[in-house]
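The values are calculated or read from the model by the stated rules, or taken from the named source; none is laboratory data. This is a predicted model, so every value here is computed, not measured. Here the Cβ is made from the backbone with ideal geometry for all residues, glycine too, and neighbour counts use every protein chain on show.
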Amino acid sequence: MKLSPESEAVVRATAAVVAEHAEQITKVFYSAMFAAHPELLRVFNRANQAVGEQPKALAASVVAFAVQLIDPDAPDFAPVMRRIAHKHVSLGIQARQYTVVEHHLLDAVAVVLGDAVTPEVRAAWAEVYWLFGCSLIAEEAKLYALGGTDPDHPWREYRVVERFEETDDVFSLLLAPVSGEVPAHRTGQYVAIAVDLPDGSRQPRQYTISSGPRGDSIRVTIKRVRGADGAPDGQVSTWLYENALPGTLLDVSQPAGDVVLDETDRPLVLVSAGIGITPIAAILEDLSRRQPERTVRLFHADRAHDTHALYASLRRQVLAMRDAKAQNWYETDAELAPTLHPARPGFMELADVELPLDAAVFMCGPLPFMQTARDTLIARGIPSERIHYEVFGPDLWARRPESVAA
């Protein structure tokens, strides 16, 4: 994948100024695109748009991709590309929509940078965009084919079979397809659920499959998002909290996600915080059935024991394995928690915990939490390539240059 010599020279000359204004460009882009194509608001997460996370993620991705094209020493963009493709497939993104994006994105570059965007500059960045877009289109086509999904009809109807209240704000839904079977999926993947909201809008949200592969159903575990500091409550999580009862029909995407349980016997270190426990729960359920001899260390942080979702099933699975241990940190009332080992008070600290030799790490939780945990684990000798992470929402990890290929 290479730029033409003419475009490479232009991109080299303009990359710095585009990078400097990238977030402003993407904000202008989204505003113009949604004004011209309001139907796309049914695909994009309006909450991420409102707080600015989606423009930041797009800006970081486009800049990182362009830098890779002109700098042979830049981090490999392929892992980021695969992750974006999985997110797009879960949202039902279609190849024809890339033309709409290209038009409004390049217009936004011209609006922000003004007369600096000559026809040659626009053509060079169009070439960057289509190298980016065609790579994604090809990867997404492959994922749709492997999932047996028609991209023109990406949603399948599932019925809520059972509902379980995990904590005051966390609940699990057992979902079964109305027709056919659950698509094959790997432990650690997620699905998107799209709901029609009372204001007439439609919104998708992605939720980890919190159970191991079962064949006839999947379990998703959802935290009701309560607004803080004047922010509104989460639209989709609140709708599901109030309406997703046994018998409810939901539109669900094919399973997606590239951070999945491997098939080796390498020791695993699982690090999570809050609702980030969901992929960890899926991994432990799978391991306790298929690899009960595997060495596992589970480290989890939460506000308190009564907000620790899926605790009872996690405890059973840890006890069922030969060499699995768990350590929890609770911000409050740690001494009252009935844990396998005494819970530690305060925030997670991995500097002094036991780490198995040659371990692989899987992390899920708020981004600052994972960045801190990753730094500690690297300092303790775990190579960055053995540290894998899942992010809920736009992936802003790539904004840390040293982490693009993690």
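Computed values, structure above
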quantity	calculated
Residue list for region 252-275, restricted to those being under 30 Å from P151 (Cβ atoms), touching a residue at least 40 places away in the same chain (Cβ under 8 Å) and either out of contact with any strand residue (DSSP E or B) (no Cβ under 9 Å at 6 or more places or on another chain) or not hydroxyl-bearing (S, T, Y) (or both)	V252, Q254, P255, A256, G257, D258, V259, V260, L261, D262, I275
Where P342 falls short, out of the listed (1) modelled with pLDDT under 95; (2) surrounded by fewer than 21 Cβ atoms within 10 Å (Cβ to Cβ); (3) in contact with a helix residue (DSSP H, G or I) (Cβ under 6 Å, 6 or more places away or on another chain); (4) of a type outside the set (D, E)	(3)
Residue within region 261-275 that is touching a His at 6+ places or on another chain (Cβ under 6 Å), closer than 30 Å to R374 by Cα, part of a strand (DSSP E or B) and not aromatic (F, W, Y) present	yes
Residues of region 113-134 satisfying the condition of being out of contact with any Lys or Arg (no Cβ under 9 Å at 6 or more places or on another chain), among the aliphatic types (A, V, I, L, M) and either in contact (Cβ under 8 Å) with a residue 40 or more places away in the chain or under 17 Å from F44 (Cβ atoms) (or both)	L113, A116, V121, A123, A124, V128
Enumeration of residues in region 232-242 that are free of Cβ contacts under 8 Å to residues at least 12 places away in the same chain and surrounded by 11 or more Cβ atoms within 10 Å (Cβ to Cβ)	P232, D233
Considering residues of region 187-207 that are within 13 Å of the chain's Cα centre (by Cα) and assigned to a loop (DSSP other than H, G, I, E, B) only, the residue nearest to F44 (Cα to Cα)	Q189
Check on A50, out of contact with any Lys or Arg (no Cβ under 9 Å at 6 or more places or on another chain), at pLDDT below 95 and either closer than 30 Å to L197 by Cβ or of a type outside the set (S, T, N, Q) (or both)	yes
Exclusive hit being assigned to a loop (DSSP other than H, G, I, E, B), touching a Lys or Arg at 6+ places or on another chain (Cβ under 6 Å) and not aliphatic (A, V, I, L, M), set D233, D229	D233
Residues of region 31-43 that turn out to be in a helix (DSSP H, G or I), touching a residue at least 60 places away in the same chain (Cβ under 8 Å) and surrounded by 14 or more Cβ atoms within 10 Å (Cβ to Cβ), as a count	5
Residue count, region 236-259 (criterion: closer than 20 Å to P183 by Cβ, out of contact with any helix residue (DSSP H, G or I) (no Cβ under 9 Å at 6 or more places or on another chain) and either part of a loop (DSSP other than H, G, I, E, B) or hydrophobic (A, V, I, L, M, F, W, C) (or both))	2
Cβ pairs under 6 Å, 6+ apart, first in region 202-222 and more than 30 Å from P38 (Cα to Cα), second assigned to a strand (DSSP E or B) and among the charged types (D, E, K, R)	S210/R219; S211/R219
Set A301, A320, A334: member being in contact (Cβ under 8 Å) with a residue 60 or more places away in the chain and either within 21 Å of the chain's Cα centre (by Cα) or not assigned by TED's automatic domain parsing to the domain that holds R163 (or both)	A301
Search result, residues across region 118-131 that are closer than 13 Å to L69 by Cβ and either touching a Ser or Thr at 6+ places or on another chain (Cβ under 8 Å) or not in a helix (DSSP H, G or I) (or both)	A124, W125, E127, V128
Selected residue (only one of V89, V10 is in a helix (DSSP H, G or I) and more than 25 Å from D251 (Cβ to Cβ))	V10
Condition met for A57 (of a type in the set (G, A, S) and either free of Cβ contacts under 8 Å to residues at least 24 places away in the same chain or closer than 23 Å to Y207 by Cβ (or both))	yes
